[in-house]
Ligand code: BG6
């Protein structure tokens, strides 16, 4: 694997929010792994930027502790870690205060890629972009990475886009959705567009419905103050599940290249139909006596925010009319289990007498954990007794099929950051895509607000509220099991 690593150009990466949780857990451990693999070369630098009055050594110690906690086995490499930390620097800046910005300007080098990572609240995007511009820190070649949430509705997302557009061109802006950096999510495109097998069947003639499930066992834990203002719709559906839906449903792009892929995704979002109220189920986890309820964890005793949501979505175009897309995501569910299941139609006519069972091919793409793909096929039950048919999966678990290589799968963040340095926007959301996604979710949310919708309670460790089961039962279908 190491022989396939191509070093990226030298860079200066400034992380605003450099002492924050995301930087400590994901961004810096990811960069460290890329450094060890030789992809981030020794002449690159990472500059943490935050309000805290730290010096570079204090920052390095903080990052060391973060990597030791979240960096996995590689963190044992003391020499490598020491060498990585030497690439780090720190500046204390505040978007609302003039001080500190000229020191940052003084640190920037010419002749290397300049990237700025806004791992901060969206309210700071505008002021930070303004400072970078005002002090000549960002130039026309610089790249800007912005974290979700990108707005909380169409209007706020558009305002953010406009604000960023004052100083950065669209081809400099990298809006992160870390689901696009997941290996299995990219595999989805490989499976769809790298095999002759599936594409002819990928339409409403052969597909009955599609299920997208992202189930988590964790609750909101310490993130209640953010999450309670978002809920599962804004936190997961508008971005992560929407991206999965796009990749499953889009037309084949002419090339695997940023504009071609993003144009096709946008067409899917624009073809999504408005969702009637009875096609959405919201849930909130209750306490089971031992584990706290959502309200207790979020510290908000009367909140109606949803920690679970299930939606029956429809795409109005030639390929998909008549094929429901059932989306579901939630916290404190039975297992951590993310899967896309493409359920094909029943056989029109069976030639096997006495075989009353409904046999269906199902292509299941397991995103996490136990990453892999399986295709349920119908075969003969072995032994005497006539033609009895059974369904079994053709199972490809990546860890078995790929061995060593599957163990070296990069974390979503590290891949995406390297793509920023390489200047490849394929796995990032374009401004119009994000706005279109809000255009679909806004009326659904507005409907709840108008009706004072109360989410259904569900037990922690369950599959969500019973009403979510009904969403499919009504259509004569069933959810796939949530299992770890
Ligand atoms: C984040 C959400 O974007 O994605 C979290 O804010 C969620 O609420 C997380 O837990 C899930 O990501 P992953 O990679 O663990 O599936």
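Read the figures in this text as sums done on the coordinates, not as results from a lab. A quick note: this is a predicted structure, and the numbers were derived from the prediction, not measured. Positions of Cβ are backbone-derived with ideal geometry, glycine not excepted, and every protein chain shown enters the neighbour counts.
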How big is the gap, in Å, between the Cα center of segment 418-484 and the Cα center of segment 185-219?
-> 16
Give me 104, 469 ranked fewest to most by other Cβ atoms within 10 Å of their Cβ, as a rough exposure proxy.
-> 469, 104
Given a Förster distance of 30 angstrom, what is the FRET efficiency for residue 86 paired with residue 422, based on the Cβ-Cβ distance and rounded to 0.05?
-> 0.80
Exposure-ranked with fewest Cβ neighbours within 10 Å first, 473, 178, 133, 349 stand as 349, 473, 133, 178
Sorted by mean Cβ packing within 10 Å, highest first, what order do the peptides 237-247, 265-275, 20-30 take?
-> 237-247, 20-30, 265-275
Counting only DSSP beta bridges with both residues in the chain, what percent are antiparallel, rounded to the nearest 5?
-> 55
With contacts defined as alpha carbon pairs under 8 Å and 6 or more residues apart, what's the relative contact order of segment 14-82 in percent?
-> 44
Any chance you could give the angle, 0 to 90 degrees and rounded to 10, that helix 183-194 forms with the longest Cα principal axis of the chain?
-> 60
When each pair of different Cα atoms in segment 239-285 is counted once in the 1/r mean, what is the Kirkwood radius in angstroms, to one decimal?
-> 12.3
For segment 381-480, what does the alpha-carbon gyration tensor say about shape, rounded, prolate or oblate, given a ≥ b ≥ c as the root eigenvalues, a/c under 1.5 as rounded, and a/b over b/c as prolate?
-> oblate
Sticking with the crude label model, points 7 Å out along Cα→Cβ, report the distance from residue 442 to residue 140 in nm, one decimal please.
-> 3.4
Spread of Cα-to-Cα distances over 10 Å intervals beginning at zero, given as percent, for the chain | 4, 18, 27, 26, 16, 6, 2, 1, 0
Taking a ≥ b ≥ c as the square roots of the eigenvalues of the Cα gyration tensor, with a/c under 1.5 meaning rounded and otherwise prolate when a/b exceeds b/c and oblate if not, segment 275-418 is prolate
At 222 nm, what helix-only mean residue ellipticity would the chain give, in deg cm²/dmol to the nearest 500, using -39500 (n - 2.57) for each DSSP H run of four or more?
-> -9500 deg cm²/dmol
So what is the relative contact order for segment 59-168, in percent, with contacts set as C-alpha pairs under 8 Å and at least six apart?
-> 22
Does anyone have the angle between helix 154-165 and the longest principal axis of the chain? Alpha-carbon axes, 0 to 90°, nearest 10?
-> 40
Degrees between helix 258-271 axis and first principal axis of the chain (Cα, 0 to 90, nearest 10) = 50
Quick one: Cα centre-to-centre distance for segment 304-371 and segment 127-182, in angstrom?
-> 35
Å³ per residue enclosed by the Cα convex hull of segment 170-298 | 173
Computed FRET value (nearest 0.05) for residue 155 with residue 254, which takes r as the C-beta separation and R₀ as 41 Å | 0.80
Take the alpha carbon gyration tensor of segment 289-347, find the square roots of its eigenvalues, order them as a ≥ b ≥ c, and report rounded if a/c is under 1.5; if not, report prolate when a/b exceeds b/c, else oblate.
-> prolate
Compute the relative contact order of segment 336-456 as a whole-number percentage, counting only Cα pairs closer than 8 Å that sit 6 or more residues apart in sequence.
-> 15
